[in-house]
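Comments concern the structure below.
Only the coordinates and a few stated rules stand behind these numbers; no lab work does. Bear in mind that the values here come from a model prediction, so they are computed numbers and not experimental data. Note that we place each Cβ from the backbone using ideal geometry, even for glycine, and neighbour counts take in every protein chain shown.
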Amino acid sequence: MTPPPRRRRVDRTDALARDDSHPNVPSSRPTTTRSFDAAKASHALLPRALRRRALVVDCTTDRIRYAQDDPVTLRVTVRNRLPVPLRLRTEAPVPWTWSVDGVDRASAVDTLPDDAGTLRLARRETRTFEAVWYQRIRVAADEWVAAAPGEHTLGARLLVVDPTDRLTASTTIRVE
């Protein structure tokens, strides 16, 4: 016959017992922890004008001169300058749009959806978006017109309510 296993000293005491009604016994620990959403906090604590001023929008292309029918890649960079994350409400599900000579997305037919969305940027985050323009402008549902040779202004803007128009950027290219 084997002897019973020896119990450790801690097992023989009530050191591990937890009882909420007794003042000297530790209470049970919560099983879940709270998470802190800093983007929601900054949305609630920072004024809208300050959140808009913290963002910088820039747009560039890989070249200045293009031959006709060469695709133009527009690169839009959005940077959060604050050391806290930001969240902004947008007018559409997409956070930004681009334009050619003032025509949104090079289309006189398409419109942006009416649904609202949000743009979230981590602290000091830089986010890059790209769009390709094939030097065509849509004038009807099934008709595209080639862009005329000369200078064209490609622009980008964030789709947030911005009375100062600070959240826009543009660049000029030449089609030869």
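For a quick check: sort Ile137, Ile64 by the number of other beta carbons within 10 angstrom, fewest at the front. Before the final figure, lay out each step's value.
Details: Ile137 19, Ile64 10.
With the fewest neighbours first, Ile137, Ile64 line up as Ile64, Ile137.
For Tyr66, what is the net charge nearby, where nearby means another residue's Cβ is under 12 Å from its Cβ and Lys, Arg count +1, Asp, Glu -1?
Net charge around Tyr66: -2.
Using 1/(1 + (r/R0)^6) with R0 = 35 angstrom and r between the beta carbons of Arg65 and Arg124, what's the FRET efficiency to the nearest 0.05? Can you show the working numbers first?
Numbers: r = 34 Å, r/R0 = 0.98.
For Arg65 and Arg124, the calculated efficiency is 0.50.
Taking θ = phi - 60°, what integer Hz values does the Karplus form 6.51 cos²θ - 1.76 cosθ + 1.60 yield along the stretch 48-57, in sequence order, with x for Gly and Pro?
Listing the rounded values in order: 4, 5, 5, 5, 5, 5, 6, 9, 10, 10 Hz.
Say each of Arg48 and Asp114 gets a label point 7 Å from the Cα, pointing the same way as Cα to Cβ; how far apart are those two points in nm?
Result: 2.0 nm between the two label points.
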